[in-house]
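Please read the structure below before turning to the comments.
The values are calculated or read from the model by the stated rules, or taken from the named source; none is laboratory data. Bear in mind the structure is a predicted one, so any value in this text is a computation, not a measurement. Reconstructed Cβ throughout: ideal geometry from the backbone, glycine too, with neighbour counts over all protein chains shown. Accessible surface is based on the protein model in full, side chains and every heavy atom, while ligands, DNA and RNA are left aside. Shrake-Rupley method; radii C 1.70, N 1.55, O 1.52, S 1.80 Å.
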Amino acid sequence: MLDHESKDAYWQDMDVAVEDIDVPTFAVCGWRDRYALSTVEYFEAIDAPKRLLLGPWRHEMPHRGRESAIDFRRQVVEWFDRFLRDEETPERPEIAVWTERDGGGTIDAGSWQQLASWPAVADDPDPLSFAFTGDGLVSETAFDDGAAAVESTYEYDHTVGLNSLDDIYGASEPTDTNPDDTRSLSFETAPLDSPIELTGTGEAVVRLTPTTSDPFLAVRVVDVAPDGSSTLVTHGEQWTTRRNGLTETDSLTPNEETTVTMPLKPKSHVFEAGHQIRVAVSAAYYPLHLPPRDHGSLTLHSEPASPSAIRFPGTVHDGGATFENEVRMGDPDDSVPLESGYVQGADATWELVRNPLQDSARMVTADSFGLDLPHATVSVDTSVETTVEARDPT
């Protein structure tokens, strides 16, 4: 077995690059998994026959999805039959995505679309753009019409993120983000007159002046329903010292303004008429990320000549959202069991608790299962517990 240093040297010697892949590749990921952005990036880099399937799943297989379970196994068999057996198989779209409706996270509330290419804000000559203003979240063009500028100071709250986890394994439904949003700098639109569709990879542009040299920055885009409940749609997070790439460290100068531009997690989602779009900016995403080493604050700046904003490929659907490029996915193959007969006693729990008296947050996870194989029995038991205080990163 290679140690860490040997592994690093091994891969450097291999000189591996995604661009070198020349075999047919079927890329699959769920919107709520941690790898959606990486999946899109490697899909676009591969120069070979390829397919991209993005759906409403967490860290699990597409035939076990909660919002939409599909005939994924059949599609995989077709893929191998085509390229390993040279058989004729049904035509499938190169890119297929699940577009969320009704706020997201609702069973069967959405539809499958096929795309000719993956939309990204960098390639969109006219993206939808919303600026942070003293009057809320408004179209960048409307920011020139007298909306108030922003210069708001925010003290780091290291507990933010507890209610904005979109990839909890086995979660029954998304959590309400309101407890995190009230602990963040939040901006929201007025109730929408028409549905707005976000499909693609967007970006957040944030002007900030930090009091520390290595602040963490998180930007969350939230769908606010008419009843006030809020669901995470997409987000971006970044250690600001890595804003120019993972191979380069560039510390910020305390009390000096910096503009940070970072991608938002890929998504396809419709903000329905009557709903609101909210953007929440914070300096933590607990427990997905460790807190920064130092406590401090940041001042967010936004003005018409140079706004802080979110931008994404999208469409305003006047009169209601309809899709001409809809595709149908078959139901899962029920002749194959969803659960493995080898796994016995599988159990997983998540406990997420916010303590208002101590202004702290706590996460406890536990996972256990047994695997009965013909030649051996394997058992696994793991548990993790973390605690963080709002104003103490240690």
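Per-structure values
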read-out: Residues of the range 251-269 classified as open to solvent by less than 50 Å² (accessible area, probe 1.4 Å) and more than 20 Å from the chain's Cα centre (by Cα), total; value: 2
read-out: Among the candidates 264, 252, 298, residue that is in contact with a helix residue (DSSP H, G or I) (Cβ under 7 Å, 6 or more places away or on another chain) and hydrophobic (A, V, I, L, M, F, W, C); value: 252
read-out: Residue pairs meeting the criteria (Cβ under 7 Å; at least 6 apart or on separate chains; first open to solvent by 60 Å² or more (accessible area, probe 1.4 Å), in the range 104-116; second assigned to a strand (DSSP E or B)); value: 114/95; 114/96; 114/327
read-out: Restricting the range 70-103 to residues that are assigned to a helix (DSSP H, G or I) and farther than 21 Å from residue 335 by Cα, the residue that is most open to solvent (accessible area, probe 1.4 Å); value: 84
read-out: Subset of the range 186-217 [farther than 17 Å from residue 257 by Cα, among the aliphatic types (A, V, I, L, M), out of contact with any Pro (no Cβ under 9 Å at 6 or more places or on another chain) and open to solvent by less than 20 Å² (accessible area, probe 1.4 Å)]; value: 196
read-out: All positions within the range 129-151 that are part of a strand (DSSP E or B) and under 26 Å from the mean Cα position of the chain (by Cα); value: 129, 130, 131, 132, 133, 136, 137, 138, 139
read-out: All positions within the range 142-172 that are open to solvent by 50 Å² or more (accessible area, probe 1.4 Å), over 30 Å from residue 29 (Cα atoms) and modelled with pLDDT under 90; value: 144, 145, 146
read-out: Any hit, the range 38-56, residues being open to solvent by 10 Å² or more (accessible area, probe 1.4 Å), in contact with a Gly (Cβ under 8 Å, 6 or more places away or on another chain), closer than 20 Å to residue 233 by Cβ and touching a residue at least 12 places away in the same chain (Cβ under 8 Å); value: no
read-out: Subset of the range 225-250 (residues that are surrounded by 11 or more Cβ atoms within 10 Å (Cβ to Cβ), part of a loop (DSSP other than H, G, I, E, B) and not aliphatic (A, V, I, L, M)); value: 226, 229, 243, 249, 250
read-out: Qualifying residue in the range 19-32 (condition: over 20 Å from residue 104 (Cα atoms), among the hydroxyl-bearing types (Ser, Thr, Tyr) and either in a helix (DSSP H, G or I) or open to solvent by 40 Å² or more (accessible area, probe 1.4 Å) (or both)); value: no
read-out: Residue 260 being part of a strand (DSSP E or B), within 15 Å of residue 186 (Cβ to Cβ) and not basic (Lys, Arg); value: no
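To keep it simple, each residue is scored yes or no on (1) over 21 Å from residue 296 (Cβ atoms); (2) at pLDDT below 95.
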site: 185; (1), (2): no, no
site: 189; (1), (2): yes, no
site: 193; (1), (2): yes, no
site: 199; (1), (2): yes, no
site: 203; (1), (2): yes, no
site: 212; (1), (2): no, no
site: 225; (1), (2): yes, no
site: 232; (1), (2): yes, no
site: 238; (1), (2): no, yes
